[in-house]
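In what follows, a single structure is set out as structure tokens and then discussed.
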Amino acid sequence: MLFTGPDRDGVAAGRITAAYRRWAEARVAEGRIYRTNAGRIEIDSVREVNPELISDYDDDIFAADRQNARDVRRRLRGNEDWPTFLIKFHLVEGADPREELAATAELTPEDLADLRARLAKLDELSRHGAWTTAILQQIQASPGTRAGDLAADLGRDPAGFKLDVRKLKNLGLTYSLETGYELSPRGAAYLKSL
């Protein structure tokens with residue numbers, strides 16, 4: 001999940017602990033920790049809600065830093081036919097171990113062997129063929145490009161593409177930006193080793 005402007009600051013400060021999102025399907029799962037542009041958050045609950053039935057006095061409105069139910073509905077993005085989800089979460093304190101991993105620009109032979117084995121396994125298990133190197137090279141060539149545009153360039157559906165990039169991020173190879181992605185120092189070092 002990404003947050004913009006005052007929402008990003010509110011989540012980072014621990015003041016915002018809920019969000020409303022209109023998605024084709026839930027993109028977060030209860031109990032999982034996600035790295036966002038406001039810090040790491042753990043999902044406490046995610047449930048579908050009817051935006052027309054949200055009350056001005058609902059505590060979740062204030063937890064999401066919204067003025068009233070109309071403000072919630074006005075800020076919803078995405079296809080109006082998609083369901084609306086209420087996500088409750090809390091900020092996770094402490095350093096993200098993936099950040100330290102991603103910041104490592106020098107890879108030992110053991111690091112490279114481990115990365116090659118993990119990426120080969122991802123390629124092997126893929127239904128659409130080897131993809132890891134192609135996506136890393138595409139992100140390196142076009143940092144900050146919308147995921148949908150990157151997916152289209154590779155003939156991929158955006159949802160599957162984003163899931164694959166998340167797998168690379170979990171290995172410390174990419175960063176998510178407000179729009180698109182960029183390689184981490186670890187990702188750049190890996191590509192340079194090829």
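The values are calculated or read from the model by the stated rules, or taken from the named source; none is laboratory data. The structure presented is a predicted model; accordingly, all values stated were derived computationally and were not measured. Glycine also receives a Cβ, built like all others from the backbone with ideal geometry; neighbour counts cover every protein chain displayed. We work out accessible area using only protein heavy atoms, side chains counted, and drop any ligands, DNA or RNA first. Shrake-Rupley method; radii C 1.70, N 1.55, O 1.52, S 1.80 Å.
In table form, for the structure just shown:
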read-out: Residue in segment 128-151 that is closer than 26 Å to ALA26 by Cα, free of Cβ contacts under 8 Å to residues at least 40 places away in the same chain, touching a helix residue (DSSP H, G or I) at 6+ places or on another chain (Cβ under 8 Å) and open to solvent by 80 Å² or more (accessible area, probe 1.4 Å) present; value: yes
read-out: Selection status of ARG98, part of a helix (DSSP H, G or I), under 25 Å from ASP7 (Cα atoms) and either in contact (Cβ under 8 Å) with a residue 60 or more places away in the chain or basic (Lys, Arg) (or both); value: yes
read-out: Any hit, segment 185-194, residues being open to solvent by less than 20 Å² (accessible area, probe 1.4 Å), of a type in the set (Phe, Trp, Tyr) and over 24 Å from ARG32 (Cβ atoms); value: yes
read-out: Of all residues making up segment 152-190, the number that are free of Cβ contacts under 8 Å to residues at least 60 places away in the same chain, touching a strand residue (DSSP E or B) at 6+ places or on another chain (Cβ under 7 Å) and among the acidic types (Asp, Glu); value: 1
read-out: Members of segment 103-139 that are assigned to a helix (DSSP H, G or I) and at pLDDT below 90; value: none
read-out: Top-ranked residue in segment 92-121 [being under 30 Å from VAL11 (Cβ atoms) and of a type in the set (A, V, I, L, M, F, W, C); ranked as most open to solvent (accessible area, probe 1.4 Å)]; value: ALA95
